[in-house]
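Nothing in this text is a laboratory measurement; each read-out follows from the coordinates by a stated rule. Please read these numbers as outputs of a predicted model, since none were measured by experiment.
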Amino acid sequence: MTRKQMLYSAAGLIVAIIVLDGAVSLYRASDRSSGPLDLSMVSKIRVTGMASNIEISANQEAPYTAELFGERRGWGAIWHSGWFADGCPSEGSMRIDGDTLLVDVGEGSRFFDWSDCEMTLSANLRSDAAVMIDQQASRSEIRGDFSVLQIRSDAGDVRFTGHAEHLSLSGAALRARLVYDKVRQSEAIAISGKMLDATVTFLVPTPVSYAVEAVASYVDSALPNTPGAKPEILIRGEMARVRIE
C-alpha cells in the first residue's frame, strides 16, 4: 500500500468513526424503571438522587399516577442491555409511604460508563399537593396548583405554570420561569443561589412586594414594589437577573 493510499484509508476511517459516533449519539434505549403507581391517596412527593428530568402536573381530568423511566444514550446504549443485567432502570425506584411518594432516581452514570443513563419522572397529583425536589441537577416542568413547591438543585432549570402558596428555589446555578395563573394574596416566593436568572409572571394583575439581595443584580419589574403586599418575592444571590411582570 502506497503512502497516498494509507492516508486515504486513515481519512476514510476517521470519517466513518465521526458518522457512526453521530448516529449512536442519537440512539436511545428506553425502559420503564417503576410504575405506574396509583397516587389517588398521595398528597406529597419527594424526589432525591443525582439528576433527572421531572414532569409533574395537577390535572384533575387525568389519572393520578406516577412512572419512572430510564433512558440510555450513546455508544453503550446499543448493546448494554443485552450484555449487562444492571440496566438503566435499576438505578431508580419509587415507593409510597403513607401519603408521600418517595422517588430516588439513583446516583447516575459513572464517569467511565460508555452510555449515559437519564432518568425521567412523570407524575400527576391531586391539586394542592406538596412537591419537594432535592438533587444535584434537575430539569423540571411543573403545571397545576400546589400548596408547596420546594426545589433544591445545584444546577436547576425550572419551568412552572399554575399556583403555589409557598415556592422556594435554591441552588448554585438556577434558571427559573415561573408563571402564576391565579393570585390569592397569600403567596410567598423565595429564590436563592449564586447565579440566578429568574422571570416571575402574574397573568392576573396584582400588587406585589419584592426584595433583591445580591452582590450584582439586574432587576426589571413591570409591577410597582408595594411594601407589605402579597405575593411577596425575595431574591438572594451573588449574581442575579430578575424579571417581574
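Using only alpha carbon pairs under 8 Å that are at least six residues apart, calculate the relative contact order of the range 127-245 and give it in whole percent.
Computed value for the range 127-245: 20 percent relative contact order.
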At 37 °C and 0.692 mPa s, the Stokes-Einstein diffusion coefficient in µm²/s for the range 127-245, with hydrodynamic radius from the Kirkwood sum on alpha carbon pairs, is 235 µm²/s
Residue-span extension gain [GLU141 to MET41] - 0.36 nm each, minus C-alpha spacing | 33.8 nm
